[in-house]
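Take a look at the structure below.
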Amino acid sequence: MEWEPDTSVGEWLRERLDDPWLGTMHDVVPRGFEAYARVFHPASVTELPGERMPAPDEVREMPWHQHEALFDRMVTSAVTWAQTAAAFGTTFHAGAQWNRLVRSPGDPLGDANGWQQVIGPDGREYNAPPEGDMDPGLVARLAGILREHTTAPTEGHIAQWEGIGGLVGHLGHSPSRAFLQIGDRYDDDLAKHNRMLGAATRDVFNDVFRRKTWQDGILSREVSEGPRFDLPGRPHVLFRGGIDELAAPDWVLDAPWRDRPAEEHGFDPSAHAPSIVWPADRAWVWVTEVDYDSTIVGGSTALVQSLCAADGIEALPIGEGTTLTYFSDEVNA
């Protein structure tokens, strides 16, 4: 995988998006494929063996020593959308929305805990699936199926939304992101260091006279300042790469957007899931939209059938023109 400065290779995709947006999945997913599948990102469930989980508001009101004791006993595991629907007595279907699946009254623009963390009838806490990202293992499993449905498994393109945290560098006064040290909360030196970071806010009166300097991102300055693959409302950085590369279990290690700055601070190797992927023969397209808690794949009927039948992937066929918004799940309204 390597940077692709020639963004014209994605013009075919841009021409098949709705511009201006019409509110359906085709604001971000190209029209014109024979069939579509919705791949649901796994959620997670947290439990206290033998007892009911306290509500998020209750946890926030606990003194710190109770927090620590509580967290030590918590067990978190993956949970599917179908399992979640069964727990809440709702219906799992292609257009399901997480907030409706967990019967949440929460406001998406207000209290996030009203829909992202919900205590189920079984006493466990159901945590919403990630939006715009998925586990590296799921990326590899999905890629492993897609490579069987193209004549060009080693050739294609991968796009990453430029808004992914810390991805691109910029000219400015503040870094793209900062890393706080985590450790013993009673360590005086660590506490002093973190207080210093917390107090290091911009000097709005003097910064106007200070020259902006280059603030590094994950990608190099050449790539950060290079051409963008511009889609409606979504600028992307484009890379050359085949689906074969993403099917490798350790694909993260070869991704140009691998988060090496985080590794320098002690984090394990990681890389954000691709935003858009397509092979050179354009047999299919994969879209992991930043605001979606699922990935949409457009391609042949055979591909969609393979995805929906695959082990380790929760997917359903979805109709062209489907709306996937917070309020669109009328089945569980």
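The values are calculated or read from the model by the stated rules, or taken from the named source; none is laboratory data. These numbers come from a predicted model, not from an experiment. Note that we place each Cβ from the backbone using ideal geometry, even for glycine, and neighbour counts take in every protein chain shown. For accessibility, only protein heavy atoms count, side chains too; no ligands or nucleic acids. Shrake-Rupley method; radii C 1.70, N 1.55, O 1.52, S 1.80 Å.
Quick notes on this structure:
- The modelled label-to-label distance for the pair residue 216/residue 322, using points 7 Å beyond Cα in the direction of Cβ, is 4.2 nm.
- The charge dipole of the range 213-333, taken about the Cα centre with unit charges on the Cβ atoms of Lys, Arg (+1) and Asp, Glu (-1), comes to about 400 debye, rounded to the nearest 20.
- Accessible surface for residue 330 stands near 150 Å², nearest 10, in the context of the full protein assembly shown (1.4 Å probe).
- 287, 9, ranked by accessible area, largest first (probe 1.4 Å): 9, 287
- Inter-part distance where the range 115-150 and the range 50-98 are each reduced to a Cα centre, Å: 16 Å
- The translational diffusion coefficient of the range 227-332, from Stokes-Einstein at 10 °C and 1.306 mPa s with a Kirkwood hydrodynamic radius over alpha carbon pairs, comes to 97 µm²/s.
- At 1.002 mPa s and 20 °C, Stokes diffusion of the chain via Kirkwood alpha-carbon radius, µm² per second: 97 µm²/s
- Computed over the range 283-333, the Cα gyration tensor eigenvalues convert (square root of 5λ each) into semi-axes of 21, 13, 12 Å, ordered from largest to smallest.
- Expected 222 nm ellipticity per residue - DSSP helices of 4 or more, -39500 (n - 2.57), all of the chain, to 500: -6000 deg cm²/dmol
- Hull volume per residue, based on the alpha-carbon atoms of the range 17-113 and their convex hull, is 149 Å³.
- As a fraction of the 1.4 Å probe accessible area of the chain, surface on carbon and sulfur atoms comes out at 52 percent.
- Computed with every protein chain present, the accessible area of residue 57 is close to 90 Å² [probe 1.4 Å].
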